[in-house]
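What follows is a short report on a single structure.
The values are calculated or read from the model by the stated rules, or taken from the named source; none is laboratory data. Keep in mind the model is a prediction, meaning the values are calculated, not measured. Here the Cβ is made from the backbone with ideal geometry for all residues, glycine too, and neighbour counts use every protein chain on show. Just the protein is used for accessible areas: all its heavy atoms, side chains included, with ligands, DNA and RNA removed. Shrake-Rupley method; radii C 1.70, N 1.55, O 1.52, S 1.80 Å.
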Amino acid sequence: MKKILTNTPLPQAALSMLLLLLPFLAAASNNSLPTASDTLNVANGNEKAKFDRHYIQEYIGNENEYRHQLELVKQFYEERDFQLAWFKNNALIPQADKLIQAIDKAHKEGLTAADYKVIDLQENYRAYEAIPAKDPTKQQKKQELDLALTASYFNYASDFYKGAVDPHSTASIEWEVKRNKIKLNKALETILQERESTYPYYEFEALHEGYLKLRNALLQYRQIQERGGWPKVDGEGVIKLNDTSEVVLDVRRRLLPQQRVNEQDSVYFVYDQQVKDAVTTFQKQHGLAVDGVLGPQTYKSLNVPVDERIDQIVLNMERWRWLPKDLAKGDDNRYVMVNIPAFRVTVMENGEEMMRMKAVVGKTMHSTPVFSHQIQYLMFSPYWNVPNSIVEDDIKPHLQKNINWLETQDMEMVNTFGPNAKRVSVHNVNWNTMTQHNFDYRIRQRPGPNNSLGRVKFIFPNEYAVYLHDTPANHLFDERDRDFSHGCVRVERPADLATYLLQDKPGWDASRVRSAMNASNQQRVDLEESVPVYLVYFTTWVEADGTVHFRDDLYGHDNALAQQLF
């Protein structure tokens, strides 16, 4: 028969002993469980330290200069199961030193190192090392330093990889280019060698060659600044080859600094071939009329202070940070870039320049917008569908004087644009009271040699109704400043560009492109794969041969960015 257990009271002595042991049993139990703030595990011989999200919230949230990175810091640690990132065997990993060095050199990137030194990371590490191993504050100091390194990285990397100014949330800055979507938490994993990437994040390096070239130019121009800048050129009037003038001595000092000049020797006052060649090179680099003649515009550019050129370089480095890390798409790695202040179109493939050509862009009152899209199709022998604003401003005055003016321009008035358009008599409109808002018809120019769009247009549907196109006004490409359009971009070599974009389209060789351009009927041809196009704004860049180029701030975008960046 089994004994039945009953709730008999414990002997008094046993009860007293149990009460005495309870505190010790509780302490032993607590020591066997993870604490809320720190858990130490041993895995593969390496120490793994953890802390909870509440500690992250408390530390980062209480530091003003880190607070805006709170969500990114939390995401980073959540994805690593709240393990510390910058320590191994209780010592900082080498990547921490790399980060500190990168921050110290921020000025080389056109950034300010002090902006990222919220705390002295090195001093805090020395303080951590000085704490005895058994001191309970050591683990807290370790956690603080790990969080500070992570937040400091995100502060620096955000500006370095994505820009110190957010162009998409700053009203005064016009930049609707596709966003740079770098995931900084993943970039940090690459730096910590916990994830592989095709991008050089682990070297704290930039992603675009154009940026790297400008960074080298920044160093070069800062060295000039440290030497006191360049001498002023006090000149007026026009100086040509073999002329003699005192200003030539200033030009020699400005453009040929390696040359020793003797003010007592009259030969140095002669505008000889050597000086002319130097002036010609300078004119090319600054978008001036390349005639080798000293004149007002050349004097003006020569006297722009080196400080302003440095600022201009920094502004354009900032714009490179705004660009997506991948400019191309698909297997071909192709894209088209329009640099508005340079009046130039460049076609890139696999990082190599395939072609470049001159461009005509919008005049100041009709500025070409800064944005990106995808070229989807070409329209050969196109109609020009005239915007109603142009009808009111430019066409209406002609019709008020000559009601038959449209016919002289190969134009017609229709009830709508598109294949179902029907012609309408111009007599249906009272041109004296017509405005772009009450105009019920449409005006278009028929395909032909005089069509304002030329023989082909390159379409990337967008809200601005802007596209690339041919033009019958080829003489405009000979101008130095080519801001003549109403916003669209006219290209110098449309047949070459069309042939290139259609190279994957069966049957579309250069001969067929020419035939389609000279046809009497409009024809749409879709690309096999859309090609990214970027209409951007760079007022300084570095060519392949290392020469630094500067251009005027055509639309005032440099000035608007400077207000935010400096």
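Values for this structure:
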item	result
Whole-number accessible area per residue in Å² for the range 121-211, which is evaluated in the context of all protein chains at 1.4 Å	47 Å²
Cα-based Rg of the range 331-484 normalised by 2.2 N^0.38 Å, two decimals	1.18
Modelled FRET efficiency - R0 30 Å, N518 with L212, Cβ distances, 0.05 increments	0.10
Inter-label distance, nm, simple model (7 Å from Cα along the C-beta direction), D166/E65	2.1 nm
Beta bridges by DSSP in the chain, antiparallel share as percent, to the nearest 5	85 percent
Computed accessible area, W431, all protein chains, 1.4 angstrom probe, square angstrom	10 Å²
Solvent-accessible ranking of S152, S515, largest area first, probe 1.4 Å	S515, S152
Extent along principal axes [Cα atoms of the range 196-332; Å; largest to smallest]	65, 33, 21
Contour excess over end-to-end distance, with Cα ends at T137 and R356 and 0.36 nm allotted per residue	72.6 nm
Using a Förster distance of 60 Å, the FRET efficiency for Q223-N404 (Cβ separation, nearest 0.05)	0.35
Between the range 481-558 and the range 260-285, the Cα center-to-center distance that results, in Å	38 Å
Label point distance in nm, L256-L476, each placed 7 Å from Cα along Cα→Cβ	4.0 nm
Relative contact order (%) - the range 464-566, alpha-carbon pairs under 8 angstrom, separation at least six	16 percent
Euclidean distance of C-alpha centroids, the range 326-404 and the range 213-231, integer Å	35 Å
Largest-first principal axis extents, alpha carbons of the chain, Å	123, 84, 49
Estimated 222 nm signal from helices in the chain, with DSSP H stretches of n ≥ 4 weighted -39500 (n - 2.57), rounded to 500	-10000 deg cm²/dmol
Accessible area (Å², per residue) of the range 446-551, counting only protein heavy atoms and a probe of 1.4 Å	43 Å²
Calculated from backbone phi, Karplus (6.51, -1.76, 1.60) coupling profile of the range 268-283 in Hz, x at Gly/Pro	7, 9, 8, 7, 8, 5, 4, 5, 4, 4, 5, 5, 4, 4, 4, 5
For E412, net neighbour charge (Lys/Arg +1, Asp/Glu -1) across residues whose Cβ lies under 14 Å away	+3
Förster radius 30 Å - calculated FRET efficiency between A510 and K178 (Cβ-Cβ, nearest 0.05)	0.45
Spatial separation of Cα centroids for the range 410-456 and the range 95-129, in angstrom	64 Å
Degrees, to the nearest 10: 306-322 long Cα axis against longest axis of the chain	70 degrees
Probe 1.4 Å, accessible area per residue of the range 223-333, Å²	52 Å²
Carbon plus sulfur fraction of accessible area for the chain, probe 1.4 Å, in percent	47 percent
Cα convex hull of the range 433-566 - mean projected area over all directions, nm²	13.1 nm²
